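Taking it in order: structure first as structure tokens, then the write-up.
The values are calculated or read from the model by the stated rules, or taken from the named source; none is laboratory data. Source: prediction; values computed, not measured. All Cβ positions, even for glycine, are placed from backbone atoms using ideal geometry, and neighbour counts span all protein chains on display. Accessible surface is based on the protein model in full, side chains and every heavy atom, while ligands, DNA and RNA are left aside. Shrake-Rupley method; radii C 1.70, N 1.55, O 1.52, S 1.80 Å.
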Amino acid sequence: GVVGDGGPDSALAGGIAQVLPVDTVQVPPQSSCLSAAGGLQRAGVVALAVAGSPDLAASCVAAVQTLAWQPPGGVLVAPSAVYAGLGSSPVAAGESNVRSVLGFPWPTADQAGAQRFRSSVPGATSYRALVTFAAVELAVDVARAGGAVDPGALGKGTWRNDLFDYAGLVNAGAHVVESTGGGWSPAP
């Protein structure tokens, strides 16, 4: 089941629908997810995806808890919910089955790129900061290869280091993460 609000993250619903049959429920912006989640639970959906804002994602995670519903496939939220801090919020603390997909490692992870980031930017543990750090490195790599930062060159090259792995515009380094109540870690 997918709950959406028609905002910038609504493309997630279309992506899921391309590979799986889905029941989709649209809710108005700034609305609670409780009624939508309850309807999807009664419909017997096996997983819940939130194709909406970070606020809607938090509302849906809270609704799943209120309903005492544990969809076997878990709850999938858009990466914007990760940026907004959903993984460390109190609403996600009791819910270990919340997942997202990130293009980079979590800043506090044991992976080499995350360790190098922390070494280069002491005290920074924000995912946004890590993404910005990686974007600057990617732009420098593209500029070095072509003499300038050219978006066309980005789409034609292969760009890899310990933080990113792009084949053209496809992020081969994307991975599923799970909320740990204090951040995000690789999902099993």
Out of Val136, Val176, report the one residue that is closer than 20 Å to Tyr83 by Cβ, open to solvent by 60 Å² or more (accessible area, probe 1.4 Å) and not in a helix (DSSP H, G or I).
Val176
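Would you be able to say whether some residue in region 131-148 is small (Gly, Ala, Ser), on the phi > 0 side of the Ramachandran plot and free of Cβ contacts under 8 Å to residues at least 12 places away in the same chain? Can you show your working first?
Keep residues of region 131-148 that are small (Gly, Ala, Ser), which gives 134-135, 139, 143, 145-148.
Checking the rest, the ones that are also on the phi > 0 side of the Ramachandran plot come to 147.
If we keep only those that are free of Cβ contacts under 8 Å to residues at least 12 places away in the same chain as well, we get 147.
Yes, some residue in region 131-148 is small (Gly, Ala, Ser), on the phi > 0 side of the Ramachandran plot and free of Cβ contacts under 8 Å to residues at least 12 places away in the same chain.
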Collect the residues in region 1-36 that are open to solvent by 40 Å² or more (accessible area, probe 1.4 Å) and among the aliphatic types (A, V, I, L, M), keeping them in residue-number order.
Ala11, Leu12, Ala17, Val19, Leu20, Val22, Val25, Leu34
The number of residues in region 139-173 that are part of a strand (DSSP E or B), open to solvent by 50 Å² or more (accessible area, probe 1.4 Å) and within 28 Å of Asn97 (Cβ to Cβ) is 1
What pairs come out if I take residues in region 58-71 that are within 13 Å of Ser32 (Cβ to Cβ) and touching a residue at least 12 places away in the same chain (Cβ under 8 Å) and pair them with residues that are among the hydrophobic types (A, V, I, L, M, F, W, C) and open to solvent by 20 Å² or more (accessible area, probe 1.4 Å) whose C-beta lies under 6 Å away, six or more apart or interchain?
Ala58/Val91; Val61/Val91; Ala62/Val91; Ala63/Leu34
On the given criteria, is Trp184 of a type outside the set (Asp, Glu), crowded, with 18+ Cβ neighbours inside 10 Å, farther than 24 Å from Gly4 by Cα and modelled with pLDDT under 90?
no
Number of the condition not met by Ala124 [criteria: (1) under 30 Å from Ala62 (Cβ atoms); (2) modelled with pLDDT of 85 or more; (3) buried (at least 17 other Cβ atoms within 10 Å of the Cβ)]:
(3)
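Here's the yes/no breakdown for (1) surrounded by 21 or more Cβ atoms within 10 Å (Cβ to Cβ); (2) under 30 Å from Pro122 (Cα atoms); (3) at pLDDT 90 or above:
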site	(1), (2), (3)
Gly38	no, no, yes
Thr66	no, no, yes
Val77	yes, yes, yes
Pro105	yes, yes, no
